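Accompanying notes for the structure given below.
Nothing in this text is a laboratory measurement; each read-out follows from the coordinates by a stated rule. What you are looking at is a predicted structure, and each value in this text was computed from that prediction instead of being measured. Using ideal geometry, Cβ is built from the backbone for each residue, glycine included, and neighbour counts are taken over all protein chains shown.
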Amino acid sequence: MTGALDISHEPFDVERRFIRIVEERSNGLVEFEFAAGEPDLYVEMILPRAEFEDFCRMQGVVPTQGRLPQHEQDSLDAHWDWNLRDARERHFRDLS
């Protein structure tokens, strides 16, 4: 086996929940990222403000602002540093 395992990483625990608010829209929708167990593995969601607050209560989380830090530009993980919002704004806008 080559390389060493990173034993300093916390074990995967689905009871740990994370929510990051990406944008609060003027129409009352909250765009956010939700993760269970591992903050790097998340789903992108949009809910009206009241439903978002209910969702946070049900999941037992306090929302944080902003996205996860990006990887070094030349690293092997950097090509995974995008989400649907990035794709929509950067890549699909130019298609005609």
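Suppose each label sits 7 Å from its Cα in the direction of the beta carbon; what would the Phe12-Glu53 distance come out to in nanometres?
Result for the modelled spin labels: 3.5 nm.
Show the residues, 5+ positions off or on another chain, whose built amide H is closer than 5 Å to the amide H of Thr64.
For Thr64, whose amide H was placed from the backbone, the distant partners under 5 Å are Ile19, Arg20, Ile21.
Could you give each residue of the stretch 25-33 its phi-based ³J(HN,Hα) in whole Hz, using Karplus coefficients 6.51, -1.76, 1.60 with θ = phi - 60°, and x for Gly or Pro?
After applying 6.51 cos²θ - 1.76 cosθ + 1.60, I find 7, 5, 8, x, 7, 10, 9, 8, 10 Hz.
In nm, give the distance between the simple-model label positions of Glu24 and Val43, each being 7 Å from the Cα along the Cα-to-Cβ direction.
Output for this residue pair reads 2.4 nm.
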